[in-house]
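Reading through the structure tokens given below for one structure.
Please treat every number below as a calculation from the coordinates, not as lab data. Every value quoted in this text rests on a predicted model; they were computed, and no experiment measured them. Here the Cβ is made from the backbone with ideal geometry for all residues, glycine too, and neighbour counts use every protein chain on show.
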Amino acid sequence: MKRYVIRRLLQFLPVVIGATFIIFALVFAIPGDPIRALSGDRPLSDAVQETLRERYNLNDPLLIQYGKYMLGLLQGDFGTTFSGRPVNDIIVQRVPVSIRLAVSALVIQGVIGGLAGILAALRRQGFVDSLVQVSTTVLVAIPTLVLGMIGQVVFGLHLGWFPIAGIDQGWYSYILPGAMLASTSMALVARLLRTSLLENLRADYVRMATAKGLSRTRVVGRHALRNSLIPVVTFLGADLGTMLSGTVIIEGIFNLPGLGREVFRGIQQQEGTVVVGIVTLFVLVFVTLSLVIDLLYAYLDPRIRYD
Amino acid sequence: MTGPALEPDVTLSATAPVLEVRDLSVEFRTPHGTVNAVNGVSFALDRGETLAILGESGSGKSVTAQAVMDLIDSPPGFVTGGEILFHGQDLLANRHLHHQVRGQSITMIFQDALSALNPVFTVGWQIGEQLRVHRGMSRRDARARVIELMELVKIPYAAARVDDYPHEFSGGMRQRVMIAMALALDPEVLIADEPTTALDVTVQAQVMALLEDLQRDLGMSLILITHDLGVVTDMAHRVSVMYAGRVVEEGDVYSVFKNPAHPYTEGLMSSMPKATHGDQKLVPITGAPPSLANIPSGCPFHPRCPYMRPDTCVNEHPPLREVVAGRRSACHFAEEVFS
């Protein structure tokens with residue numbers, strides 16, 4: 001196991017280098033001149049423009065720019081914005097918002113999606129099952145962008161149950177955006193757990209557990225559920241990317257001052273350093289969480305051995 | 001958990017059987033029609049006795065065992081009639097008692113130990129689970145008892161292997177783990193459903209020998225469900241032969257196999273190779289077992305039977321009746337077959 005973790009950590013290097021380079025190159029390739037965009041209607045003098053270009057290494061070729069950026073990154077420096085603000089500051093300030101959003105979404109998707117899946121499997125072809133089947137189909141079919149806006153209008157504006165935007169009301173502010181971010185994955189978790197549990201309830205070891213005189217609760221809750229979680233965890237690992245890109249959309253819609261909104265704004269304003277810095281952070285988070293999920297997977301299914 | 005209902009009635013148990021099944025019927029209602037898996041099966045099991053239930057796949061032997069354990073998925077399966085008496089009390093009439101008895105007084109082992117053991121828990125955890133749940137033992141006490149049980153079923157290095165997972169054991173060892181699990185609560189009756197079918201021949205013999213020793217040493221009653229005549233002759237005291245969801249012949253193993261009183265049993269005997277007769281010709285039973293959704297009229301065996309008489313066998317269902325003392329057969333012409 002230890003060797004596996006070390007090997008996986010070593011694999012981080014090419015992934016991080018490759019991912020950051022692609023992002024860097026894409027931002028580099030955005031048409032237009034960031035300095036001219038910065039100056040707006042009143043053009044800056046050529047000398048000032050030249051100084052700025054020099055400071056942000058904009059005259060260097062792509063590879064040199066990238067190399068200089070990565071050198072800084074190795075020392076924990078995510079770069080500075082055109083207004084002179086360190087990207088590190090932005091990250092430190094925005095991270096808590098994004099983490100709260102992600103945690104809300106994960107809790108909603110795990111608890112509601114999980115419960116829906118279990119209830120549907122236990123009452124197969126009953127009312128709950130049909131309800132879960134229909135509602136999950138609807139949720140999966142609607143893109144996060146559309147669903148986020150509908151949710152904002154219905155639950156925020158018309159019903160007034162949740163704040164429409166911002167984070168003024170603490171954790172309560174995160175419920176609606178968290179639910180909208182979770183919706184697609186929640187529906188998939190419910191369906192996956194339903195199918196997987198139904199399959200496991202027919203397994204021989206469930207019959208054996210029943211024959212051992214164990215209660216139905218124990219047979220389902222300990223024996224069948226534990227096995228049914230394995231594909232769900234696999235799915236969550238593969239779904240991390242959807243989750244991260246979803247934060248960009250949801251933070252934009254609900255005006256949450258998190259990393260996603262900062263990336264969104266960075267792309268609009270051609271703030272290369274902000275975009276590359278935050279997306280690099282996303283990549284690091286993604287690879288780390290993938291590793292955690294893989295280790296969790298091995299814990300859930302002892303037949304999997306990584307060595 | 002052990003209520004007064006579970007205590008064996010001492011006055012009765014001296015004479016009455018531990019477990020008695022009377023006229024049991026089970027059907028499966030499928031979209032394609034009703035499948036009559038078990039049609040009026042009766043048998044009795046005495047204390048310390050080994051009863052073999054012999055039959056081909058689809059004869060209803062496993063479904064009978066599942067009904068005794070209340071393991072039939074309902075729907076589609078329904079027990080439509082009969083009684084399952086444990087120390088004289090009908091378990092079908094008392095679901096609560098049935099579930100108390102299941103897993104504690106009557107336990108069961110299955111054919112394929114790999115799929116019957118939960119892949120994500122250690123064998124120690126799975127064997128000890130019942131001790132913790134039903135006996136309220138602490139983790140530590142349960143673990144000590146689990147190691148004893150694993151030694152009882154002759155798993156080598158039990159103390160070192162208690163924390164291993166099922167996939168880390170060989171097929172024979174997994175079967176032993178399942179036997180240990182079934183023995184954990186000192187059952188009175190053990191039902192073994194094709195316990196060795198999935199194993200290599202040499203391992204089969206070892207597991208059978210183990211079951212035989214345990215049954216004798218622990219004084220359990222054993223129901224052995226099998227299609228293997230060899231296993232029946234080696235292990236069982238009595239045998240019930242099943243065909244198309246019915247018991248067609250019953251008696252002590254020696255006399256049944258020496259002189260069958262039902263054409264189906266006779267057919268089974270002559271289709272089995274015997275090591276002692278090198279030049280013996282095998283005679284298979286003609287035809288195929290009937291579909292349980294469409295059982296032939298009269299005697300269900302009549303389309304395959306060499307003794308068949310058109311009018312009687314096609315129209316009249318033969319009841320299971322005594323042919324000579326201790327021998328019963330469900331054939332209109334049992335005396336003719338017997339002599």
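Details
- Taking other C-beta atoms within 10 angstrom as a stand-in for reagent exposure, B:W125, A:W171 fall in the order A:W171, B:W125, fewest first.
- Diagonalising the gyration tensor over the Cα atoms of segment A:72-191 and scaling each eigenvalue by 5 before taking the square root yields semi-axes of 35, 18, 12 Å, largest first.
- Order of B:M173, B:M308 - criterion: other Cβ atoms within 10 Å of each residue's Cβ, fewest first: B:M308, B:M173
- Evaluating 6.51 cos²θ - 1.76 cosθ + 1.60 at θ = phi - 60° for every residue in segment B:293-306, the Karplus couplings come out as 7, 8, 6, x, 5, x, 7, x, 8, 4, x, 10, 8, x Hz, glycine and proline recorded as x.
- Across chain B, the volume of the C-alpha convex hull divided among the residues equals 149 Å³ per residue.
- Helices in chain A that qualify as membrane-span-like (whole DSSP H runs, Cα extent of at least 30 Å along the helix axis, mean Kyte-Doolittle hydropathy of -1.0 or higher) are A:2-29, A:87-122, A:172-201, A:225-253, A:272-300.
- Relative frequency of Cα-Cα separations exceeding 16 Å in segment B:117-186, percent: 36
- DSSP beta bridge pairing in the protein assembly as shown, given as percent antiparallel to the nearest 5: 65
- Panel values: the protein assembly as shown, Kirkwood radius from alpha carbon pairs, Stokes-Einstein at 25 °C and 0.890 mPa s, translational diffusion coefficient 82 µm²/s.
- For chain A, the Stokes-Einstein estimate of translational diffusion at 20 °C and a viscosity of 1.002 mPa s comes to 97 µm²/s, using the Kirkwood hydrodynamic radius over alpha-carbon pairs.
- What separates the Cα centres of segment B:165-233 and segment A:192-218 is a distance of 23 Å.
- If you take the Cα centroid of segment B:297-339 and the Cα centroid of segment B:44-70, the two points sit 22 Å apart.
- Residues with amide H under 5 Å from that of B:I109, placed H, sequence gap 5 or more: B:I191, B:A192, B:D193
- Anisotropy class of segment B:238-339 from Cα gyration tensor, a/c 1.5 cut: oblate
- For the residues A:V219, A:V97, A:V274, a GNM of chain A with alpha-carbon springs under 10 Å puts the largest fluctuation on A:V219.
- Of A:Y174, B:Y157, the sequence from fewest to most neighbouring Cβ atoms within 10 angstrom is B:Y157, A:Y174.
- Binning the alpha carbon pair distances of segment B:66-114 at 5 angstrom intervals from zero yields the distribution 5, 18, 29, 24, 15, 7, 2, 0, expressed in whole percent.
- Screening chain B for whole DSSP H helices of 15 Å or more along their axis (Cα) with average Kyte-Doolittle hydropathy at least 0.0 returns B:171-183, B:201-218.
- Helix-only arithmetic for chain A: the sum of -39500 (n - 2.57) across DSSP H runs with n ≥ 4, divided by the residue total, places the mean residue ellipticity at 222 nm at -24500 deg cm²/dmol.
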